[in-house]
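The values are calculated or read from the model by the stated rules, or taken from the named source; none is laboratory data. This one's a predicted model, so the numbers in the text were calculated from it and none came from an experiment. All Cβ positions, glycine included, derive from the backbone under ideal geometry; neighbour counts span all protein chains shown. With ligands, DNA and RNA removed, areas are computed over all heavy atoms of the protein, side chains included. Shrake-Rupley method; radii C 1.70, N 1.55, O 1.52, S 1.80 Å.
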Amino acid sequence: MSEEAEMPAAPEEQVSAPAEAGAAPDNPDQAQLAEKAAAEASEKIDSQALPIRAYLDQTVVPILLQGLSDLVKERPDDPVEYLAAYLMKHNPKKAK
């Protein structure tokens with residue numbers, strides 16, 4: 001007896017063929033999501049490869065300087081709390 005005869009037949013599934021390079025996806029929303037995910041993954045990889053100073057200069061320093069400038073103008077009683085609130089409010093990564 002051959003092995004093929006002993007194994008039950010698997011149900012056939014429809015598997016779509018891989019997309020050709022440069023082919024447009026069927027769903028434009030899926031394409032946008034895929035592009036966004038790829039960009040985020042690339043950004044994460046890039047930020048992991050940066051030296052510490054360059055990473056901080058690109059991610060934290062711009063918003064921190066704006067917050068410190070605003071802090072000096074306002075001179076609140078609790079500057080740490082003020083700066084923390086400023087950073088949370090103006091976080092460029094926060095979903096709007």
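Pairs linking a residue in segment 55-67 that is closer than 11 Å to L87 by Cα and modelled with pLDDT of 95 or more to a residue that is hydrophobic (A, V, I, L, M, F, W, C) and open to solvent by less than 90 Å² (accessible area, probe 1.4 Å), with Cβ atoms under 6 Å and 6 or more positions apart or on different chains, are G67/L83; G67/L87.
The residue that is nearest to D46 (Cα to Cα), among those in segment 63-75 that are surrounded by fewer than 13 Cβ atoms within 10 Å (Cβ to Cβ) and not hydrophobic (A, V, I, L, M, F, W, C), is S69. Can you name the residue in segment 45-55 that is open to solvent by 70 Å² or more (accessible area, probe 1.4 Å) and of a type in the set (A, V, I, L, M) and, of all such residues, is nearest to the chain's Cα centre (by Cα)? Per the criteria, the residue is I45. Against the condition assigned to a loop (DSSP other than H, G, I, E, B), more than 24 Å from the chain's Cα centre (by Cα) and at pLDDT below 65, how does P11 come out, does it pass? Yes, satisfied. Checked against the criterion of being more than 19 Å from the chain's Cα centre (by Cα), at negative phi, open to solvent by less than 70 Å² (accessible area, probe 1.4 Å) and at pLDDT 85 or above, the candidates A23, A85 yield just one match: A85.
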